[in-house]
Each structure stands twice: as structure tokens, then as C-alpha cells.
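Encoded as C-alpha cells, the structure appears first; notes follow it.
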Amino acid sequence: MFTQETIERLRSVQTPYYYYDTDMLRETLAVASGEAANKGFKVHYAVKANFNPVIMKIIAGYGLGADCVSSNEIEHAISCGFPAEETVFAGVGKSDREIETALRLGIKCFNVESAAELEVIDGIAGRMGKTASVALRINPNVEAHTIRHITTGTDENKFGIRIVELESVISTLNELNNIKYRGIHFHIGSQITDLHVFRNLSSRINELWQWLTDRGMEPDDINVGGGLGVNYDDPDRFPPFADYFDIFREHLDNRIRSSVSFELGRSLTANCGSLISTVLFVKPGAGETFLILDAGMTDLMRPALYHAYHRIENLTSKLPAKKYTVAGPICETTDTFGRFISLPETGRGDLIAIRSAGAYGEVMASRYNMRSLPPSVFSDEIN
Ligand SMILES: *Cc1c(COP(=O)(O)O)cnc(C)c1O
């Protein structure tokens with residue numbers, strides 16, 4: 001990813017910034033969309049992972065749909081080339097105004113999380129003289145074996161319709177005139193690396209499919225959500241798209257005639273992005289040496305928010321390794337990217353890459369401490 005030539009060019013840009021390797025993004029998209037198409041699956045891009053317009057336009061070019069969690073995302077996705085009729089709207093708290101916008105733009109489907117939400121969408125659609133297509137987001141109570149903060153598919157969190165509520169939600173749905181039932185939707189968590197979890201999800205989907213079919217509610221579409229994890233230790237390795245799609249192909253009941261769609265975010269964009277930063281100070285501490293970077297938690301929040309690990313590389317030193325605690329300049333103790341990390345001996349002015357930052361990186365940047373938002377630089381601009 002970082003040739004000597006690339007590093008020279010990166011040095012000439014004011015840090016901190018996000019650097020995106022667009023060749024790597026294109027390769028990832030080619031593999032993911034190719035593997036999905038082989039198995040007859042459709043992929044939507046989860047826009048919240050990275051809504052940088054350059055990234056979005058490249059992804060739209062591969063024929064993916066868009067999975068949005070706000071009406072701003074819907075408008076943005078359409079302006080970046082995603083077709084409205086391939087755009088779905090998920091989220092546990094859609095406002096009336098957002099529902100109106102989505103109906104006006106003619107999206108494919110709302111992923112609905114409760115009976116109350118169905119009634120609200122029905123009312124708004126009725127006033128607008130429209131019919132809203134919906135999928136029911138079901139909480140399948142499947143343990144995702146990932147970081148607790150990013151699991152979404154077990155009983156104790158706010159997402160989805162619990163299975164015990166399903167019967168009553170369906171009877172509400174059947175009474176509403178401006179709602180068209182399209183199917184069911186799941187999303188059990190993010191950064192899932194234990195692929196067995198998806199086998200469990202497939203089994204649960206089979207049970208639900210049978211249950212719904214028995215009640216005359218066979219879904220046209222089954223949206224299994226996203227969550228495929230990436231290898232943060234090895235940023236150049238592709239996520240296991242072939243194995244992932246295989247699991248669903250093998251374990252979903254072969255009587256199911258519904259279309260099957262996916263909503264991938266992290267696995268499509270994480271690897272192609274790095275946060276590039278300069279070392280401001282090498283600061284001795286008690287039992288550790290701090291590297292103080294010019295990038296902080298305002299640029300990349302995941303380590304502070306979830307204790308997430310990102311591989312850190314010194315792009316400009318070839319000296320023997322030493323241990324460092326790598327921290328940012330923000331006035332918070334959690335503003336730390338890694339402790340006791342082994343790096344080539346580092347000095348002021350060295351260029352640091354924090355890898356696998358292409359998902360949930362730039363989009364979570366904030367202006368805390370009145371800092372500037374990090375700009376983005378693309379490999380095809382500088383090479
Ligand atoms: C965040 C989200 C996704 C994408 O998750 P990844 O782990 O990035 O693949 C998909 N669907 C929904 C409903 C989401 O909220």
C-alpha cells in the first residue's frame with residue numbers, strides 16, 4: 001500500500017488527513033460484488049461506514065444498493081449515484097420529516113422496528129397518497145460474539161422487533177392500508193469474525209421463514225444485514241467474502257425462494273483507508289514513552305470509544321524497534337491509539353499511518369477542542 005514514492009508524496013500534504021487507496025477499494029468491491037453475484041445475492045452498502053462522496057461514487061459504480069440510517073444519508077446516496085429504488089432506510093428512530101423525505105424520494109423499503117413505527121409510516125404515506133414498502137427488522141436473539149458495544153441482535157438491546165412481539169406486529173401490519181409488506185430484515189452486530197455466528201443466524205432465519213410462511217406472510221426479500229469483520233492485525237488482507245456468502249448459501253433452507261440481500265459497511269471500506277499523522281513530540285513518561293501525534297480521537301474515535309485496535313505503522317523510520325504509547329493531542333486521557341506498541345525508533349516529524357481506518361473513521365470525526373475536521377486524500381490524486 002505504501003511504496004517509497006507514495007510516502008514521499010504523503011509527506012508533502014499537511015497532516016492529519018485520511019488517505020484512501022482507491023485501487024484497494026475497487027479490488028475489494030470487485031471481490032465482494034463478484035462473490036455475492038455468484039451466489040445470487042444482492043449487496044447494499046451501509047453508508048454510515050463512510051459517506052465520503054468520492055468513496056460513495058466508486059461504490060455506486062459497482063452496482064450496489066444503499067443502506068441508510070437517516071434521510072440525509074438517503075439524499076446523499078442518491079446524489080452520489082445510488083438508485084432510489086435500491087435504497088433502504090433503517091434505524092430505530094426515524095423522524096416524521098425523514099419518513100416524508102424517504103417517501104417523496106421513492107426508496108425501495110423501510111426497515112421497520114416496531115408496530116408504532118408502522119402506524120406512523122402508514123399515516124404519513126396515506127397523507128401523501130403513497131404506499132410504503134416495509135421489511136420488519138427482527139431481533140433474532142443471536143449472540144454476535146463481538147465487542148459488547150456493537151452487538152445489536154440480542155434481547156437486551158434497543159434494536160428490532162423481538163420474536164415474542166412478532167405476532168401482534170403482523171396483525172397491526174395487516175390492518176394498515178398504505179403499507180406493503182416486502183420481507184424481513186436482521187442485523188446482529190458489527191466486526192463479527194467468528195463466521196459460526198452467521199450459521200446460527202441462518203438457522204434462526206429458516207425458523208422464522210417457516211413461521212411466517214405458515215401464516216401466509218412469506219417474505220419476498222430477506223435482508224440478513226451486515227457485520228462481516230475485518231482483520232485489524234493484517235490491514236492488507238481481504239475480508240473472507242467467499243466463505244461468508246457460502247455460509248448463507250449452504251445454511252439457508254433451500255426451499256426459500258425470497259431474494260437474499262446483505263448490508264455491508266466495514267468490510268467494504270475499512271482496509272482502503274489510513275489516518276496519516278505526524279509525530280509532534282516524543283515524551284518520556286513513567287515506565288513508557290509517549291508519541292504525541294497531531295491526530296487524535298477527534299479524527300479517529302474508535303480507540304477512545306470502543307477500545308478498538310488499529311495497526312500503527314511508522315512510514316519513515318527504519319531504525320530498530322522500541323515500545324511506545326501512541327497518543328493524540330486532545331485534552332482527554334482516552335485519546336490514545338495504542339499502548340506499548342512496537343515501532344521503529346521514532347522521532348519528531350516522522351510520518352505515522354493508523355491503518356484500517358476507512359470505516360467508522362472519517363464519519364465519526366468531531367470538532368471537539370475546536371479542531372478542524374480531517375481532510376481526505378486519494379491515491380489516484382497523488383500517484
Ligand atoms: C451499521 C449497519 C450495517 C453495517 O454494519 P457493518 O458491520 O459495517 O457491515 C448494516 N445494517 C444496519 C442496519 C446497520 O445499522
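The values are calculated or read from the model by the stated rules, or taken from the named source; none is laboratory data. Small disclaimer: the values here were computed from a predicted structure and weren't measured. A quick note on method: Cβ atoms are made from the backbone with ideal geometry, for glycine too, and the neighbour counts reach across all protein chains shown. We work out accessible area using only protein heavy atoms, side chains counted, and drop any ligands, DNA or RNA first. Shrake-Rupley method; radii C 1.70, N 1.55, O 1.52, S 1.80 Å.
Please determine whether any residue of segment 7-30 is within 16 Å of the ligand (Cβ to nearest atom) and either closer than 23 Å to residue 259 by Cβ or touching a Leu at 6+ places or on another chain (Cβ under 7 Å) (or both).
Taking segment 7-30 and keeping what is within 16 Å of the ligand (Cβ to nearest atom), we get 25, 28-29.
Subsequent filtering for residues that are either closer than 23 Å to residue 259 by Cβ or touching a Leu at 6+ places or on another chain (Cβ under 7 Å) (or both) retains 28-29.
Among the residues of segment 7-30, at least one is within 16 Å of the ligand (Cβ to nearest atom) and either closer than 23 Å to residue 259 by Cβ or touching a Leu at 6+ places or on another chain (Cβ under 7 Å) (or both), which makes the answer yes.
Against the condition within 12 Å of the ligand (Cβ to nearest atom), open to solvent by less than 20 Å² (accessible area, probe 1.4 Å) and touching a residue at least 40 places away in the same chain (Cβ under 8 Å), how does residue 170 come out, does it pass? First the steps, then the outcome.
Values: within 12 Å of the ligand (Cβ to nearest atom): no; open to solvent by less than 20 Å² (accessible area, probe 1.4 Å): yes; touching a residue at least 40 places away in the same chain (Cβ under 8 Å): yes.
For residue 170, the condition - within 12 Å of the ligand (Cβ to nearest atom), open to solvent by less than 20 Å² (accessible area, probe 1.4 Å) and touching a residue at least 40 places away in the same chain (Cβ under 8 Å) - is not met.
Considering only residues that are in a loop (DSSP other than H, G, I, E, B) and either surrounded by 14 or more Cβ atoms within 10 Å (Cβ to Cβ) or not small (Gly, Ala, Ser) (or both), which ones fall in segment 6-40?
Looking only at segment 6-40, we keep the residues that are in a loop (DSSP other than H, G, I, E, B), and these are 12-16, 21, 39-40.
Correct list: 13, 14, 15, 16, 21, 39.
Inside segment 185-200, can you point out the residues that are open to solvent by less than 50 Å² (accessible area, probe 1.4 Å) and either within 13 Å of the ligand (Cβ to nearest atom) or outside the structural domain of residue 132 (by TED's automatic domain parsing) (or both)?
Residues of segment 185-200 open to solvent by less than 50 Å² (accessible area, probe 1.4 Å): 185-192, 195, 197-198.
Listed by number, the residues that qualify are 185, 186, 187, 188, 189, 190, 191, 192, 197, 198.
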Report task. Out of 372, 267, report the one residue that is open to solvent by less than 10 Å² (accessible area, probe 1.4 Å) and polar (S, T, N, Q). Result -> 267
Query - strands (runs of 3 or more DSSP E) enclosed by segment 276-383 - at least 3 residues per element that are modelled with pLDDT of 95 or more and under 30 Å from residue 264 (Cβ atoms) - result: 336-344, 351-354, 376-378
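Do you know which of the residues in segment 320-362 that are in contact (Cβ under 8 Å) with a residue 60 or more places away in the chain and surrounded by fewer than 16 Cβ atoms within 10 Å (Cβ to Cβ) is nearest to residue 281 (Cα to Cα)? Steps first, answer last, please.
Quick first cut of segment 320-362, residues in contact (Cβ under 8 Å) with a residue 60 or more places away in the chain only: 346-362.
Of the ones still in play, those that are also surrounded by fewer than 16 Cβ atoms within 10 Å (Cβ to Cβ) are 347-349.
On the way: 347: 7, 348: 5, 349: 8 Å.
Within segment 320-362, the match that is nearest to residue 281 (Cα to Cα) is 348.
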Query raised in the report: Quick one: in segment 61-87, which of the residues that are in contact with a Gly (Cβ under 7 Å, 6 or more places away or on another chain) and closer than 16 Å to residue 262 by Cα is nearest to the ligand (Cβ to nearest atom)?
Result: 69
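Give the number of residues within segment 249-275 that are within 16 Å of the ligand (Cβ to nearest atom) and not in a strand (DSSP E or B).
Of the residues in segment 249-275, 8 are within 16 Å of the ligand (Cβ to nearest atom) and not in a strand (DSSP E or B).
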Report summary line: Per the filter on segment 222-245, residues more than 14 Å from the ligand (Cβ to nearest atom) and open to solvent by less than 30 Å² (accessible area, probe 1.4 Å) are 235
Query raised in the report: Can you pull out the residues in segment 201-221 that are within 16 Å of the ligand (Cβ to nearest atom) and hydrophobic (A, V, I, L, M, F, W, C)?
Result: 201, 205
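Residues checked against (1) in contact (Cβ under 8 Å) with a residue 60 or more places away in the chain; (2) assigned to a loop (DSSP other than H, G, I, E, B); (3) farther than 21 Å from residue 360 by Cβ; (4) touching a Cys at 6+ places or on another chain (Cβ under 6 Å):
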position: 181; (1), (2), (3), (4): no, no, yes, no
position: 184; (1), (2), (3), (4): no, no, yes, no
position: 187; (1), (2), (3), (4): yes, yes, no, no
position: 194; (1), (2), (3), (4): no, yes, no, no
position: 200; (1), (2), (3), (4): no, no, yes, no
position: 205; (1), (2), (3), (4): yes, no, yes, no
position: 209; (1), (2), (3), (4): no, no, yes, no
position: 213; (1), (2), (3), (4): no, no, yes, no
position: 218; (1), (2), (3), (4): no, yes, yes, no
